[in-house]
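The values are calculated or read from the model by the stated rules, or taken from the named source; none is laboratory data. Computed from a predicted structure; not experimentally measured. All Cβ positions, even for glycine, are placed from backbone atoms using ideal geometry, and neighbour counts span all protein chains on display.
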Amino acid sequence: MPYLHATDGTRLYYEESGCGTPLIFVHEFGGDLRSWEPQLRHFSRRYRCIAYNARGYVPSEVPEDLARYSQELAARDIRDVMDELSIDRAHVIGLSMGGFAALHFGLTYPKRALSLVVAGAGYGAEKQYEDYFRSVSLEVAEQFEKQGSQTFSKTYAMAASRIAFFLKDPRGWQEFQTHLGQHSAVGSAMTMRGVQARRPSIYDLEARLRDMNVATLVIVGDEDDHCLQPGVFLKKTVPACGLLVMPKAGHTLNLEEPALFNQSVDEFLSTVAQGRWLPRDPRAMSSQIMKTS
């Protein structure tokens with residue numbers, strides 16, 4: 001099996017297929033690189049696709065030191081994957097936890113990003129729910145340790161934002177829950193404590209986001225309540241940002257609606273390649289409601 005090493009020595013498992021311009025896929029907390037299978041099959045026809053398991057997700061290494069889990073390290077791991085595979089620049093596509101990592105990668109290493117797809121990124125960002133999110137994250141970590149992944153996955157996979165997936169595609173949802181149940185309980189707990197519970201709100205990053213000149217597509221589901229307003233915030237803040245809201249969709253966007261997700265990302269990548277994904281024209285700002293002269 002192919003492995004590479006992050007800067008701090010953590011061993012990361014990855015898979016690669018296709019050739020051409022590189023795409024890096026970064027998975028969510030509840031998933032792993034297997035979650036990207038509908039995208040890997042589609043995009044590897046025209047792109048060099050790389051998906052990897054984050055630290056804490058077997059067969060990647062599962063460090064037991066909390067200091068080896070953080071939002072900063074998650075963004076750095078994307079860079080390290082690129083460095084190890086001799087990739088100078090890439091399109092980075094992330095969902096939820098992976099979407100946050102993609103966003104931080106764009107903030108920290110903007111010259112390495114051809115573009116960013118930030119899907120389902122918003123949990124814990126809303127300031128009024130910040131304390132609640134952190135406390136729930138710590139409780140989730142504790143339950144992974146107490147119950148084990150196989151048992152607790154049945155609860156976690158039935159979160160409100162997963163119900164749309166459960167109802168529209170029970171078979172796909174069951175596969176998601178089964179994969180989640182195979183995760184390391186230690187790795188899940190450490191990730192929840194070190195990355196999820198401690199990452200900064202995107203609202204606290206406003207000044208940096210306004211200066212991030214990376215073509216960005218934000219995707220949210222209209223039934224993923226805690227990602228909707230953060231998605232609008234990113235649209236209004238990141239200069240070259242587009243916002244796609246998928247109807248009747250929850251959090252697991254790329255698996256719930258793979259055809260729509262793939263089509264939308266495909267068009268975005270093509271537009272970026274043509275140099276036509278531009279910052280918003282000042283004439284289109286909301287202050288310009290109607291021309292009078």
- Item | Options Val272, Val232, Val265: the member that is touching a helix residue (DSSP H, G or I) at 6+ places or on another chain (Cβ under 8 Å), of a type in the set (A, V, I, L, M) and within 30 Å of Lys111 (Cβ to Cβ) | Val265
- How about segment 108-132: which of its residues are crowded, with 18+ Cβ neighbours inside 10 Å and among the charged types (D, E, K, R)? Arg112, Glu126
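Please count how many residues of segment 58-71 are in a helix (DSSP H, G or I) and either out of contact with any His (no Cβ under 9 Å at 6 or more places or on another chain) or exposed (fewer than 14 other Cβ atoms within 10 Å of the Cβ) (or both).
The number of residues fulfilling the criteria is 3.
Yes or no, residue by residue, for (1) in contact with a strand residue (DSSP E or B) (Cβ under 8 Å, 6 or more places away or on another chain); (2) surrounded by 18 or more Cβ atoms within 10 Å (Cβ to Cβ); (3) hydroxyl-bearing (Ser, Thr, Tyr); (4) closer than 26 Å to Pro200 by Cα:
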| residue | (1), (2), (3), (4) |
| --- | --- |
| Ala6 | yes, yes, no, yes |
| Ile24 | yes, yes, no, yes |
| Glu37 | no, no, no, no |
| Gly56 | no, yes, no, yes |
| Leu73 | no, yes, no, yes |
- Taking the stated definitions as given, is Ile78 modelled with pLDDT of 95 or more and part of a strand (DSSP E or B)? no
- Message: Please determine whether any residue of segment 86-95 is assigned to a loop (DSSP other than H, G, I, E, B) and either within 23 Å of Leu260 (Cβ to Cβ) or of a type in the set (Ser, Thr, Tyr) (or both).
- Response: yes
- Message: Return the residues of segment 182-197 that are within 20 Å of the chain's Cα centre (by Cα) and either crowded, with 23+ Cβ neighbours inside 10 Å or not polar (S, T, N, Q) (or both); say none if nothing qualifies.
- Response: His183, Gly187, Ser188, Ala189, Met190, Thr191, Met192, Arg193, Gly194, Val195, Gln196, Ala197
- Note on the structure: Counting only residues that are of a type in the set (Ser, Thr, Tyr) and assigned to a strand (DSSP E or B), segment 1-24 contains a total of 4
- Task: Report whether or not Arg45 is basic (Lys, Arg) and part of a loop (DSSP other than H, G, I, E, B).
- Result: yes
